[in-house]
Amino acid sequence: MKPVKNAPDNDTFELSLFCGIVGDAWRVHVWPNWLPGFLRHSFDEKGEAFPVYLDLEELDRQMEGCGVQYTKIHSPIGGYELTASGRAATVLAVWLSQSLLSGKRSKASADGDPSSNESSGMVS
């Protein structure tokens, strides 16, 4: 995944997520703060998305590559709370959108949808 080098720097943006592990995937809950339009369709009315396949090490690399910081708190019940504001919130949102997209591809592949091979870059 490519880092977002030119993310807008707006301190009013704050994105707060709770990511809980469920089997091989994650269930992501978004707090009712700012949520970019390109993410809204991925969450249900309760603010949840499942299944999502997250790469938290990639998130760390993207944040570092963009020179921004975020908060990652390990939860005693399993999972992580991720919070970012300003430019870091935009980087977090883009990383999350890429993760949500990977979950849709994996789900389509599991359902046996032959068109999913084309969209994922896989060759059959």
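The values are calculated or read from the model by the stated rules, or taken from the named source; none is laboratory data. Being a predicted model, the structure only gives us computed values, none of them experimental. Here Cβ is always computed from backbone atoms with ideal geometry, including for glycine, and neighbour counts include all displayed protein chains.
Could you list all residues from the stretch 39-69 that are in contact (Cβ under 8 Å) with a residue 60 or more places away in the chain and β-branched (Val, Ile, Thr)?
Answer for the stretch 39-69, where residues must be in contact (Cβ under 8 Å) with a residue 60 or more places away in the chain and β-branched (Val, Ile, Thr): just Val68.
Answer yes if at least one residue in the stretch 42-51 is at pLDDT below 90 and touching a Gly at 6+ places or on another chain (Cβ under 7 Å), and no otherwise.
No - not one qualifying residue is present in the stretch 42-51.
May I ask you to say which residue of Ser85, Ser75 is among the hydroxyl-bearing types (Ser, Thr, Tyr), buried (at least 19 other Cβ atoms within 10 Å of the Cβ), more than 12 Å from the chain's Cα centre (by Cα) and modelled with pLDDT of 90 or more?
When all the criteria are applied, what remains is Ser85.
Check off (1) modelled with pLDDT of 95 or more; (2) under 25 Å from Thr12 (Cα atoms); (3) exposed (fewer than 13 other Cβ atoms within 10 Å of the Cβ) for Glu57 and give me the number that stays unchecked.
(2)
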